[in-house]
1. Is one or more of the residues making up the range 28-38 hydrophobic (A, V, I, L, M, F, W, C) and at pLDDT 90 or above?
2. Within the range 105-123, take every residue that is surrounded by 12 or more Cβ atoms within 10 Å (Cβ to Cβ) and in contact with a Lys or Arg (Cβ under 8 Å, 6 or more places away or on another chain) and give me the one that is farthest from Gly46 (Cα to Cα).
3. Looking at the range 63-96, which of its residues are surrounded by fewer than 19 Cβ atoms within 10 Å (Cβ to Cβ), more than 15 Å from Glu176 (Cβ to Cβ) and touching a strand residue (DSSP E or B) at 6+ places or on another chain (Cβ under 9 Å)?
Amino acid sequence: MAIKAQALAKFVMECTFPKPQPPASHEIAQEEANPGTDCWKLYVDGSSTVERSGAGLILISPEGFNIQQAITFAFKAMNNQAEYEALISGLKLAKSLGISKMIVYSDSQIVIKQTSGEYIAKDPTLVQYQTMVRNILEATPDITILQINREENSKADERSKLVQNTSDLASSVYFEELKAPSTERAKVLCIGRSCASGAQTIG
């Protein structure tokens, strides 16, 4: 039952949003630091084990509507790669919904610091992910990425591990399978569109 981002976007736009639920204590503190009632929230997490790897997303509208997604990878992914794949999937979902103002929460220090430019990626694969994410964020300046601890990101963490098969998932959780890493798909797209020769601008 793999779904496309466009199908999920259509479903979300047709939904009637419920009344907002009271925010958790850590969300109250973060909202005070980032005021604005029209801001979406996105929680992302990647999971990588010997048996399987995947990503979990929870997107919350300003009205409190929840979109939950579990993504399984049909390829081997190291932990940092899984974290990047989770972030990229969430950003692409937000783009498909036309969301321009959003706060993204992740518990990956490496991804957060590399995205902000505080850390410089040295691994060739992570360099590509870092460039891809920063290109996306440059096109959407009202998206902020913040680091939270793993306990605060537990729901997204749970979704990232529900990737063995769709029978593991609740009916409210959408399932998707990624056949190849985002960086490889970006290269194919780039070749198809005859990208200019600066290979640093991937995606």
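The values are calculated or read from the model by the stated rules, or taken from the named source; none is laboratory data. No experiment lies behind these values; they were computed from the predicted model shown. Note that each Cβ is placed from the backbone with ideal geometry, even for glycine, and that neighbours are counted across all protein chains shown.
1. Within the range 28-38, the first condition is being hydrophobic (A, V, I, L, M, F, W, C), and the residues that meet it are 28-29, 33.
Then keep just the ones that are at pLDDT 90 or above; that gives none.
No.
2. Just the residues of the range 105-123 that are surrounded by 12 or more Cβ atoms within 10 Å (Cβ to Cβ), to begin with: 105-116, 119, 121, 123.
Filter once more, keeping what is in contact with a Lys or Arg (Cβ under 8 Å, 6 or more places away or on another chain): 105, 107, 115, 119.
Numbers: Tyr105: 12, Asp107: 9, Thr115: 16, Tyr119: 19 Å.
My answer is Tyr119.
3. Phe65, Asn66, Lys76, Met78, Asn79
Listed here are the residues, each with its yes/no results for (1) out of contact with any Gly (no Cβ under 7 Å at 6 or more places or on another chain); (2) at pLDDT 95 or above; (3) β-branched (Val, Ile, Thr); (4) farther than 13 Å from Ile136 by Cα.
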residue	(1), (2), (3), (4)
Ala94	yes, no, no, no
Gly98	yes, no, no, yes
Thr115	yes, no, yes, no
Tyr119	yes, no, no, yes
